[in-house]
Structures are given as C-alpha cells and as structure tokens.
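Written out below as structure tokens is the structure these notes cover.
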Amino acid sequence: MSRIPVVRSGVYAVVLALAPWFGTTEVHAQQARDSVRSDSVASPTLQMVRIRGRADDLVGVATSASQGRVGRADLRLRPLQREGELLEAVPGMILTQHSGDGKANQMVVRGFNLDHGTDFQTRLESMPLNLPTHGHGQGYTDLNPLIPEFVDHLDYKLGPMYADIGDFGSAGGATLHLTRALPKPVASLETGAYGFRRAVLGAGVQRGRSQWLIGGEAKQYDGPWEQPQKLGKFSGLARWTWTGKRDELSLLALGYTNAWRASDQIPSRAVASGAIGRFGRIDPTLGGEAARQSLSLAWTRAQRRGKLSVDAYSVRHDLSLFSNFTYFLENAAGGDQIHQTDVRTLSGVNAEVSRVSVVAGVAHLLRTGVQVRYDDISVGLYRSDRRVPTDTVRRDQIDQGSVGGYAILESQWRPRIRTVLGLRQDGYGFRVRSDDDRNSGSRLATIGSPKASLIFSPVNGTELYVGAGLGFHSNDARGTTIRFEPVSGDSASQVSPLVRSRAAELGLRTSKGEWLRTTASLWALNLDSELLFIGDAGATEATGRTRRVGITMSNYWKPVSTLSVDTDVSFTRARFADVASDANRIPGALERVITAGATWEPVRGVHAVARVRHFGSSALIEDNRVRGTPTTLLNLSVGATILGNRLTASVLNAGNARASDVQYFYASRLSGEARAGVADVHFHPVEPRSLRLGVSRGF
C-alpha cells in the first residue's frame, strides 16, 4: 500500500479535482470527503493518503472509465515470465516476445499490434521510455531495465483523451513509479528451470528529512531453447528523496546492461518437417546487447491553492541487435542477417502548474504544463553474416526535438456533474544527416489536439463518462526526408511527420462498498495513417487509414477479506478504412484479450495466486485467409513467511500449453527452397511449464 502526498482543501469537489495532479488518481473518495473541513479554499499542506490500487474507489476522482492505478501489493504477487508483463495489469494489454528476452517486448492493446511501443506512451517516473526514430522500430520501448521489486505502482490511461499525454498516446499511456524508501534492507534469491538465476538486493536509510535508497539486480537465463540464450542482465538504482513541509525533491540514478542470444521467430514448415524443433533456430548467431543509464530530478512544491512540479532527465541508450527474419530469401549464399544499432542521448524537462479556484460557487482546477525533449541519435542498418558486417544499408545522424504545451480545466458544476476540457499543442523539428546526402534534410511540424469529457453521477457510487479527443504519433524522422530507397535506389515517398488519431468513448464506473469495483467502456479510435518506417529495410511502408471499435471491461471483487478476484476483458474490431471488405483486416490486431486472477491471503505472510492470460485468434493477412491460433496460459504462485523469510514457488505455464507468443505470415526461404521463397506462418513459441523457487527477506 503506497503513501502519496495530497492537498487538504475546504471544498470536496476541489479535493477530488486535486487528486490526479498529486499522483493520487485513485484516492479513495471517502478519504477525500473526510478531508473537507470548511467551504473556503485553504492554503494546502502536504499530507499522506494510503493508496491501495485496484481497491480504491475512483468515483468522483477519475475522468474516464479507462484510467486507474495498480498498486504495489498486486504487482508484487504476480508471477512473471518477463519484467514487461507488469504492464499486463493495464486492462486489455498483452506483452509477448518474438526474440531473445533482452529485446523489447511486443505490445498489444486496443486492437493495436504496437510492435515495440508505437501508439502507447510509457514512462518511468518522468522519463519517456518510447524512443522515436529508433534503429529497430518507431517508439521502441524497452522494459527490461525494470527491477519489479522496486516498482511501487503504475498509473494507466487508455485512449487519447488526456492532454498531458502527447506522442505515442493514441492507444493510451502508463507511468511506472519506483519506490522512494526502504524501511529495512531487502534481499531476494530465485532459481528455476532452464538455467534461471536471479538475485535482488536493496537497502535504505533515513536521516532527518532525507531518504536514501540503493538497489540492484543480477539475472541469468538460458531458456528452453536448443541454443541457450545466455542472457545476462544487471540493473541498479540509487535514489535520494528530501521531503519538507511544502516541498519534495528526489534524485534518481538508474543503470542497466544486458546481453543475449536469440532464436527469433521460426517458420512453421521447418518444425512440421522435423528440420528443427519448436525451440530451435535457423540462424545460430542472432542476439544483441543493450545498455541504458539515466539521471532524473523531480521537484514538487505545494502552493496556495495549487502545486508546482518540475522534472528533468537525461538518458543514454545503446542497442546492438542482430536479426534474420527471412533467412536466405535475399542472399542465398550468406543469408539475410541484419545488424541494427541505436546510440542516443535524450534529455528533457517537464513542468506543470496547477491552480484551484472557486468562481460563483463552482470549483475549477486548471493545470497548465510544458514538455520539452531532445534526442541526439545515431542509427545504423547493416547486412551481416554471422555477426560480421558485409554491407551498409544506411547510417544516419538525427537531431529530433519537440515541445508540447497543454492546459486542462476540470470543473465541478454540480455535485453530480463535472466537465474536463483539454487542449494540447505540439511542435517537432527533425534534422537528418544520412550517409546518402539525397536522404538528408530537415522538417518542421505542429499539431493541436483538443479533448473534452462530461462526467455524470446518476446515483451514489456510479459515474457515466462521455469523452472525445484528438491525438497523434510521430513518424520516424528518416521517413520524413527520404527521397530514394537505400537498397533498390528507386524513388521513395516521404511520410507526414505527425499522424492524427481521433477517438470517442462512453464509459461506466461503479463501486459497491469496499468489495466491488467495475468499469466498462465502449470506444472508437481512427488513425489517419499507419505509415511506418521499416527499420529492417531502411524504407517506409504505407498502410492507410484504420478504424477500431471495441469494448473493455474491468472488475475487482473482494467477496471476503482474504480473497480478491480481478478480471479484465477486451474485444476489438480493427479494419483498414479505404479498402474492400474482403481485404481490410489489420494483420496482428488481436480481437480478444482476457486476463484474470485470484489472490488468496488467509493469514498474514501466506498467499496463493492464480492468473490466466488469454489472447485470441487474429488475422495474419489482410484477406483473413490465414489466422493465428489463440493462446491461453495459466501461472501459479504460492508463498509463506517463516521466521522473517518469505518462501515462494511459482509455476509458469502450469498447463504446459503448446502455443505461440507471436505469429506472423510472410515469405521466407530456407536453404534449398525455391528462390522466390515460401509464404508461411512464422511463430515464437511460449515457453513450456517451468518451476521457479525463491526466498526473500524484507519485501
């Protein structure tokens, strides 16, 4: 259960309005009511409110049915295959892998196959994790640096109805918050099947108003692959936090390195013929190395009738990745292996001022903010043979900067009626210096994004939401200046730097006592274009306008004090807008996602958890002739505390399902096949049943 500072005020509506910008999107409504003492707006002081996550009542606080928080307790008890699966706490989201575990996850939500993060904005504290104009894919989002034990909670918002979320936010966004204090030293050791070894250490100390924290993780994992992936991950963090009466200052340093070998997705025909096993590989020299270092500073000050927050960050990112998706289709002798590199430094500042006012008896909260970011990028795409460079496809130096400003006005017109109006304006600058001068150039672009929501409470404990908004995502800078294809030399069409999205949503949220939280949303989302820069080829591909409609439901039920059950269900219909109905499917757009879990804690220190994750079939080709198969996995975990030591046992894929993490349909060529290759389903299998044992102390 987290503790978050909020403002004590004299108007209930103002208290509710203040909650989101103090990081308390899920402040319990009754706690807000209890904090009201008068009918005038008083000067605020910092106080602490307990945050539980899914159990908190957001009626009167949230501005849509598609936002929420998942707290530390729920995240800590989840049996995880990979760090990125923490984001599966977001309703309707699935994270998978099609390569080695050091590579960023494949992300899917609201009918988007996000690749590695396009159209879903992810932040770690104030730092953006989406990387534009990336060497492997636009919006590349690597969650592997996370140490799950030090993630305190995550906030999520689905859809583009929130003015404080800009680029990559068409499908929504999530912010992961790290813990700020450790009351005592912590340690965890884990071991498991297929060479899994993991250790986590941490310690904290308090001196007056200052909290100091340091922690780290070491992880090794071979996996079930015929060629062990030999993953070696090291992550570390150090944090200093000072808390005064009106101010809080926090300095956070993070470091991460990783190296691995990968099998990538494999062709179904090779497995069916017995040429390789389900956990085999075609190219034995794939894999990569990644590193990330960051330093960030966060300052907040409670002011009379408001709050000021300023965040600054600087991040160094380095990725070297070897892949081979088509094997011998392009190069029958040496193979189609490619080497992608991305080295960058990104820096930025976020600032927001919030102010409460009461005009003619109506409480208003006005939030105004600015977000500034600059990326200094060096990317390269090369052909290679067994990790030996053979040819340069293209190399680029890119300067990419952006400035976004926003204003959000939340008004409590009546006890049961609220409105939220938002406006966002973004400006982007791209400068590309390519090894082929013909593809160099500069572009400027701006885009405005209005938002609006109406919230009505027909009865106590229930709210209805109507919202709409415009959003956008940026395209790869190289695609905005390209004139000639780097491989063929043919002329190429440039893409728009910024792509518009449009969304609308109807929502319902209801709470019953302390035992039931339910939300449902019916939404529609249109994209003007899903133009993408294809990092594997150094070129652009146009996919046209798209339309998505869906329904998402989320439930948290606590029938008795020792048992909690949560269920998230999402159904989506995704189509291209400008093509015939018999060829308008969007490949890889999942139509059904269901996640559910039950947590039983009969006595303090004892738990049992069962979680199911299911993603259904989807079209793998536009005419729907080829479809992927559904995947359903069951993960189990039990634990008990004995003499201060917490013992845990987790069984991943307890049903030993033979399913796929990802599936694609395209042409590839194996050695000896026809020169034109063979169109086939390529898949990356889920890992078989595995047992992991752990002992920890202090968590």
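The values are calculated or read from the model by the stated rules, or taken from the named source; none is laboratory data. As the structure is a prediction and not an experimental result, all values here were calculated from the model. Positions of Cβ are backbone-derived with ideal geometry, glycine not excepted, and every protein chain shown enters the neighbour counts. The accessibility values were calculated without ligands, DNA or RNA, using every heavy atom of the protein model including side chains. Shrake-Rupley method; radii C 1.70, N 1.55, O 1.52, S 1.80 Å.
Candidates ARG431, ARG414: the one that is touching a residue at least 24 places away in the same chain (Cβ under 8 Å), open to solvent by 30 Å² or more (accessible area, probe 1.4 Å) and not acidic (Asp, Glu) is ARG431. Of all residues in the stretch 609-623, those satisfying the criterion of being open to solvent by 20 Å² or more (accessible area, probe 1.4 Å) and out of contact with any Asp or Glu (no Cβ under 8 Å at 6 or more places or on another chain) are ALA610, ARG611, VAL612, HIS614, ILE621, GLU622.
Of all residues in the stretch 461-499, those satisfying the criterion of being assigned to a loop (DSSP other than H, G, I, E, B) and without any contact (Cβ under 8 Å) to a residue 12 or more places away in the chain are SER488, GLY489, ASP490. Inspect all residues belonging to the stretch 640-659 and state whether any of them is touching a residue at least 24 places away in the same chain (Cβ under 8 Å) and farther than 30 Å from ALA199 by Cβ. Looking for residues that are touching a residue at least 24 places away in the same chain (Cβ under 8 Å) and farther than 30 Å from ALA199 by Cβ, one finds at least one in the stretch 640-659, hence yes. A Cβ distance below 6 Å, combined with a sequence gap of six or more or placement on separate chains, defines the contacts here; from the stretch 349-365, residues that are closer than 12 Å to GLY306 by Cα reach residues that are buried (at least 17 other Cβ atoms within 10 Å of the Cβ) and aromatic (Phe, Trp, Tyr) in the pairs SER354/TRP21.
Yes or no, residue by residue, for (1) closer than 24 Å to ARG261 by Cβ; (2) over 25 Å from the mean Cα position of the chain (by Cα); (3) exposed (fewer than 15 other Cβ atoms within 10 Å of the Cβ):
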site	(1), (2), (3)
ALA290	yes, no, no
ALA302	no, yes, no
ASP311	no, no, no
HIS317	yes, no, no
GLN337	yes, yes, no
THR341	yes, no, no
ARG355	no, yes, no
ASP396	no, yes, no
GLN400	no, no, no
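For the subset of the stretch 211-254 comprising residues that are farther than 30 Å from ARG689 by Cβ and among the charged types (D, E, K, R), which member is surrounded by the most Cβ atoms within 10 Å (Cβ to Cβ)? Within the stretch 211-254, the match that is surrounded by the most Cβ atoms within 10 Å (Cβ to Cβ) is ARG239.
Looking across the stretch 106-139, the residues that are farther than 25 Å from GLN397 by Cα, part of a loop (DSSP other than H, G, I, E, B), in contact with an Asp or Glu (Cβ under 8 Å, 6 or more places away or on another chain) and at pLDDT 90 or above come down to GLU125, SER126. Do we find that LEU182 is crowded, with 19+ Cβ neighbours inside 10 Å, touching a helix residue (DSSP H, G or I) at 6+ places or on another chain (Cβ under 6 Å), outside any strand (DSSP E or B) and of a type in the set (A, V, I, L, M) in this structure? No: the conditions fail for LEU182. Selection of the stretch 624-633 for residues being open to solvent by 60 Å² or more (accessible area, probe 1.4 Å) and part of a strand (DSSP E or B) yields ARG627, THR632. Considered as a group, the residues in the stretch 568-593 that are open to solvent by less than 50 Å² (accessible area, probe 1.4 Å) and hydroxyl-bearing (Ser, Thr, Tyr) include one that is nearest to VAL626 (Cα to Cα), and that residue is THR572.
The set of residues from the stretch 100-113 being surrounded by fewer than 24 Cβ atoms within 10 Å (Cβ to Cβ) and farther than 16 Å from PRO145 by Cα comprises just one member, ASN113.
The set of residues in the stretch 154-167 being open to solvent by less than 10 Å² (accessible area, probe 1.4 Å) and either assigned to a loop (DSSP other than H, G, I, E, B) or not hydrophobic (A, V, I, L, M, F, W, C) (or both) consists of GLY159, PRO160, ALA163, GLY166.
Given ALA351, ALA332, ALA298, ALA275, which one is within 31 Å of the chain's Cα centre (by Cα), more than 22 Å from GLN425 (Cα to Cα) and either small (Gly, Ala, Ser) or open to solvent by 10 Å² or more (accessible area, probe 1.4 Å) (or both)? Don't jump to the end; show me each part of the working.
Details: ALA351 fails: more than 22 Å from GLN425 (Cα to Cα); ALA332 fails: within 31 Å of the chain's Cα centre (by Cα); ALA275 fails: within 31 Å of the chain's Cα centre (by Cα).
Result of the check over ALA351, ALA332, ALA298, ALA275: ALA298.
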